[in-house]
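One structure below.
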Amino acid sequence: MLELKGLEKRYPTGDRALRGVDLVVPQGQVMALIGPSGAGKSTLIRCINRLVEPTAGSVRLGDLELTRLGARELRRARRRMGMIFQEYALVERLSVMENLLSGRLGYVGFWRSWFRRFPAADIAQAFAILDRVGLTEFVDKRADALSGGQRQRVGIARALLQDPDILLVDEPTASLDPKTSRQIMRLIVELCEERGLAAIINIHDVALAQQFARRIVGLRMGEVVYDGPPADLTAEVLTTIYGEEDWSRTIRREDEEEEDPEAARDGTAEEAGGPPAPDRERLAGMT
Amino acid sequence: MAVAGARRSWSPPPLIANPWLRWAVVIGAAIYLYLALNSVPLNWARILDGLSRGWLFVKGFLTPDFVSRHEEIFEGLLESVVMTVVSTVLGVALALPVALGAAKNVAPWPVYYLCRAFIAASRTFQEVIIAILFVAMFGFGPFAGMLTITFATIGFMAKLLAEDIEDIDRSQVEAIRATGASWAQTVNYAIQPQVLPRLIGLSLYRVDINFRESAVVGIVGAGGIGATLNTAFDRYEYSVAGAILLLIIGIVMACEYTSGLIRRRVQ
């Protein structure tokens, strides 16, 4: 459904953030994009909805070529791509509902959005999604009054309200604690399954990527160096993506894979599988 | 002093190392100061006369006369308040587009430079100079004053607001753009909420400034309480002038207090 061909980005400073990325994401697939900082993960997903303009290559969403769209058609196309951000990127001084409804801005005219007079269907949908992410009682709270996990739920709800075909997710858990991170990742994956959405999830945390994505793509220096199932992510593969390091304790062990799913739901899976790993992985990713 | 460790006296090195140059500068400055002071005409008789006149003024200030010219004072004050309100509202409204244009992260560069140039022009000249120009163009009266203060308000508000817009959190703008929002919607949803408290605070602050300015520009003929004050001085009615000054002080203090109160609330 989403198809990148020879995608390149060269910044005015001369940095080549992407060096010819080819990638196909079929409908309904949740894909994790891993790689060290500066590998081009953020640039890649921003080149898809053209928050960053790609220098060369093509991006096709369905049968629409995104790189050649004019301003108006681009806005129309962006409605089909929900984006979720690392620091939530909520408008802090607006209420939860206003933040949610901003997901409908691509569908309503200026004056309607100015007076916050959204169509009744949009509002009904917003309440339904708010209920789904468990934040109904926060509807009129200001976004800056929420905790990190709650804010990210609002971020997810805003993206869903766009009624997208694909989610572009940029480090959704980087500002969250390990337990909330797992809850947020589970929520994103569940919602994608419910709605048949594809997703590209940029993520530092290799263990989280393995736990929740069905496909993992490794990016290094703007090039795809791994593309395969989470189970094939061996120490050698991690070395190709991130460079030399002791990966033996990062890789998910067999006994963890056969774990009782209920235990994982309580957030105890991390403790069961040895010391909580995320910090170490994040350090490895920072280098 | 062969051994550095044996030194027992120290004085700081002089600012100018060369003693000849040092003394030349000191003596030269003294001579210039003497000549300069002598070039200013000092009329001691006039100063003594002025001292007594100053005393009359202080006495007038202590015995303010609100009554004998109350109609003129009231009219002047009313005119000043109208000038303040109209020019603040108009100035702020016109400053908004200029501020957006003068923010590097919002406007394309030709618009940016145009708006920055306008702001620079508005801020270069003191209000009194602009008032003289507008009085010459539109005649005496509050209209010239209103234009002056509006013009000054645009420069002030646009500059400070543009700086605030340049400091906003970019990720919020990115998030709104990513939803497919238009430029106007992005301004309304991502930028306006971030700068609104500052906009309100600056506007209220500008109300006090504009009231004070309305008193100043009146002196060059641009209407308002300043004109009344000027007339009172011209007629040597120091008690009336004192009353006007007391009223200005009172109103400015009241404005400052209420604007401070409101500003604390909108944060």
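The values are calculated or read from the model by the stated rules, or taken from the named source; none is laboratory data. Computed from a predicted model, the values in this text were never measured in an experiment. Backbone-built Cβ (ideal geometry, glycine too); neighbour counts: all protein chains shown. All accessible areas refer to the heavy atoms of the entire protein, side chains included, with ligands and DNA or RNA removed. Shrake-Rupley method; radii C 1.70, N 1.55, O 1.52, S 1.80 Å.
Structure above, values below:
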| quantity | calculated |
| --- | --- |
| Heavy atoms of A:Val237: accessible area, 1.4 Å probe, square angstrom to 10 | 30 Å² |
| Computed FRET value (nearest 0.05) for B:Val82 with B:Tyr257, which takes r as the C-beta separation and R₀ as 30 Å | 0.90 |
| Where the protein assembly as shown is the region considered: accessible area per residue in Å², 1.4 Å probe | 51 Å² |
| Between the range B:149-222 and the range B:1-50, the Cα center-to-center distance that results, in Å | 49 Å |
| Size of charge dipole - the range A:122-226 - debye, nearest 20, with Cβ of Lys, Arg +1 and Asp, Glu -1, no other charges | 260 debye |
| Carbon + sulfur, % of accessible area of chain A - ligands and nucleic acids excluded, 1.4 Å | 49 percent |
| Between the range B:89-118 and the range A:181-229, the Cα center-to-center distance that results, in Å | 43 Å |
| Lys/Arg +1, Asp/Glu -1 at C-beta; chain B dipole; positive extreme among B:Ala254, B:Tyr113, B:Leu62 | B:Tyr113 |
| GluC sites (Glu not before Pro), loop per DSSP, at most 13 other Cβ atoms within 10 Å - longest free stretch of chain A | A:1-243 |
| The range B:71-108 residues near the modelled B:Arg170 label - backbone nitrogen below 12 Å, point 7 Å along Cα→Cβ | B:104-106 |
| Coil-residue chymotrypsin sites (Phe, Trp or Tyr not before Pro) of the range B:126-207, DSSP, other Cβ within 10 Å capped at 10 | none |
| Table column - 3J(HN,Hα) (Hz), the range A:217-230, Karplus curve with 6.51, -1.76, 1.60, x for Gly and Pro | 10, x, 10, 9, 6, x, 10, 6, 10, 8, 8, x, x, x |
| Other-chain or far-sequence residues with amide H under 5 Å of A:Met81's (modelled H) | A:Asp165 |
| Kyte-Doolittle mean at least 0.5 and Cα axial length at least 15 Å: DSSP H helices in chain B | B:19-39, B:44-62, B:70-101, B:127-138, B:142-166, B:238-266 |
| Assigned charges on the beta-carbon of Lys, Arg, Asp, Glu; the range B:70-266 dipole about Cα centre (debye) | 700 debye |
| Under 18 Å from the B:Ala136 label point (7 Å along Cα→beta-carbon), backbone N, the range B:210-230 | B:217-223 |
| Viscosity 1.567 mPa s, 4 °C: Kirkwood-radius Stokes-Einstein D of chain A over Cα pairs, µm²/s | 66 µm²/s |
| Loop trypsin sites (Lys or Arg not before Pro), the range A:159-236 (other Cβ atoms within 10 Å of the site Cβ: 16 or fewer; DSSP) | A:Arg214 |
| Farthest toward positive dipole pole in the protein assembly as shown [+1 Lys/Arg, -1 Asp/Glu at C-beta], among A:Leu219, A:Ala199, B:Val40 | B:Val40 |
| Calculated FRET efficiency for the pair A:Ala124/A:Arg68, C-beta based, R₀ 35 Å, to 0.05 | 0.45 |
| Positive-end residue, the range A:89-177 charge dipole about Cα centroid, Cβ charges, pick of A:Ala143, A:Trp114, A:Gln125 | A:Trp114 |
| Karplus 3J(HN,Hα) series, Hz, for the range A:160-177 with 6.51 cos²θ - 1.76 cosθ + 1.60 (x for Gly, Pro) | 5, 5, 5, 6, x, 9, 9, 9, 9, 10, 9, 6, x, 10, 5, 9, 10, 6 |
| Among beta bridges that DSSP assigns inside the protein assembly as shown, antiparallel share in %, nearest 5 | 55 percent |
| Extension gain, B:Arg53 back to B:Ala29 (0.36 nm per residue minus Cα-Cα distance, nm) | 5.1 nm |
| Within chain A, percent of DSSP bridges classed antiparallel, to nearest 5 | 55 percent |
| Assigned charges on the beta-carbon of Lys, Arg, Asp, Glu; the protein assembly as shown dipole about Cα centre (debye) | 2060 debye |
| Flagged links, alpha-carbon separation over 32 Å, of A:Lys41/B:Lys104; A:Lys179/B:Lys104; A:Lys41/B:Lys159; A:Lys41/A:Lys179 | A:Lys179/B:Lys104; A:Lys41/B:Lys159 |
| Area buried, chain B against chain A - accessible surface, total, 1.4 angstrom probe, square angstrom | 2100 Å² |
| At most 15 other Cβ within 10 Å, DSSP loop - chymotrypsin sites (Phe, Trp or Tyr not before Pro), the range B:1-92 | B:Trp10, B:Phe66 |
| Global size of chain B as Cα Rg and Dmax, reported in angstrom | 27.1, 87 |
| 25 °C / 0.890 mPa s Stokes-Einstein diffusion coefficient of the protein assembly as shown, Kirkwood radius on C-alpha pairs, µm²/s | 84 µm²/s |
